[in-house]
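The values are calculated or read from the model by the stated rules, or taken from the named source; none is laboratory data. Please read these numbers as outputs of a predicted model, since none were measured by experiment. Cβ atoms come from the backbone with ideal geometry, glycine included; neighbour counts cover every protein chain shown.
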Amino acid sequence: MSVVILYGTETGTAEDVSDAVADVLAEHTEVETFDMTDYAIEDLDPANFYVVICSTYGDGELPSSALPFFDLLDEETPDLTGLRFAVFGLGDQVYEDTFNRGGEICAEKLSALGATQVGTHGRHDASSADKPKDLASDWAGEIIALAARD
């Protein structure tokens with residue numbers, strides 16, 4: 001089993017978090033990490049397990065590096081049946097109506113195309129004292145067992 005981490009970021013925090021998650025997962029399996037702008041939707045493969053790490057931008061929108069990927073998914077509507085994924089979102093509870101909406105949008109769009117979300121939807125709150133990389137690393141430790149399941 002291989003894990004593919006896809007991150008969508010505006011300021012680089014999701015990229016930093018993806019590196020921390022990759023470090024945890026690499027102790028157990030092969031891991032590749034991609035900015036969503038560098039990953040073709042044709043490469044989505046149910047043989048891989050996907051970890052999506054996405055920030056929230058503006059008024060609860062996807063960050064600029066995630067938009068092209070999800071716009072293409074909306075246009076091409078591939079059948080993602082059999083694809084499994086987990087999501088870790090980044091947001092700020094100060095914006096309670098749109099808190100972590102970027103990660104939720106990712107999960108909704110992938111699920112609508114037949115993919116299956118597994119595990120706890122990880123959520124970091126920028127208003128908390130928790131460091132995003134620490135919280136995501138703990139979350140990744142929980143995800144690895146789920147990623148290994150057939």
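Observations on the structure shown:
- Here is the figure for segment 139-150: residues that are out of contact with any strand residue (DSSP E or B) (no Cβ under 9 Å at 6 or more places or on another chain) and exposed (fewer than 13 other Cβ atoms within 10 Å of the Cβ) total 2.
- The set of residues in segment 47-69 that are over 19 Å from ALA145 (Cβ atoms) and assigned to a loop (DSSP other than H, G, I, E, B) comprises THR56, GLY58, ASP59, GLY60, LEU62, PRO63, SER64, SER65, ALA66.
- Annotation note: Cβ proximity below 9 Å between a residue of segment 1-26 that is in contact (Cβ under 8 Å) with a residue 24 or more places away in the chain and a residue that is among the β-branched types (Val, Ile, Thr) and in a loop (DSSP other than H, G, I, E, B) (sequence gap 6+ or interchain) occurs for MET1/THR29; SER2/THR29; VAL3/THR29; GLU10/THR56; ASP16/THR9; VAL17/THR9; SER18/THR9.
- Within segment 127-145, residues that are farther than 13 Å from THR13 by Cβ and touching a residue at least 40 places away in the same chain (Cβ under 8 Å) sit with their Cβ atoms under 8 Å from residues that are polar (S, T, N, Q) and outside any helix (DSSP H, G or I), at 6+ positions apart or across chains, in these pairs: TRP139/THR120; ILE144/THR29.
- Comparison of THR37, THR33 shows that the only residue that is among the hydroxyl-bearing types (Ser, Thr, Tyr), assigned to a helix (DSSP H, G or I) and free of Cβ contacts under 8 Å to residues at least 40 places away in the same chain is THR37.
- Qualifying residues in segment 26-69 (those that are within 14 Å of the chain's Cα centre (by Cα) and among the hydroxyl-bearing types (Ser, Thr, Tyr)) - the one surrounded by the fewest Cβ atoms within 10 Å (Cβ to Cβ): THR37
- If you filter segment 83-93 down to residues that are without any contact (Cβ under 8 Å) to a residue 60 or more places away in the chain and assigned to a strand (DSSP E or B), you find that the one that is farthest from the chain's Cα centre (by Cα) is GLY91.
- Restricting segment 96-142 to residues that are of a type in the set (Gly, Ala, Ser) and modelled with pLDDT of 95 or more, the residue that is nearest to SER18 (Cα to Cα): ALA107
- For segment 83-124, filtered to residues that are among the aromatic types (Phe, Trp, Tyr) and within 18 Å of GLU15 (Cα to Cα), the residue that is surrounded by the fewest Cβ atoms within 10 Å (Cβ to Cβ) is PHE85.
- When segment 10-19 is limited to residues that are among the small types (Gly, Ala, Ser) and either part of a strand (DSSP E or B) or under 13 Å from the mean Cα position of the chain (by Cα) (or both), the one that is modelled with the lowest pLDDT turns out to be ALA14.
- Residues that are more than 14 Å from the chain's Cα centre (by Cα) and either of a type in the set (Phe, Trp, Tyr) or buried (at least 16 other Cβ atoms within 10 Å of the Cβ) (or both) within segment 125-134 comprise ASP125, ALA126, listed in sequence order.
- Only one of LEU80, LEU72 that is surrounded by 16 or more Cβ atoms within 10 Å (Cβ to Cβ) and either modelled with pLDDT of 95 or more or in a helix (DSSP H, G or I) (or both): LEU80
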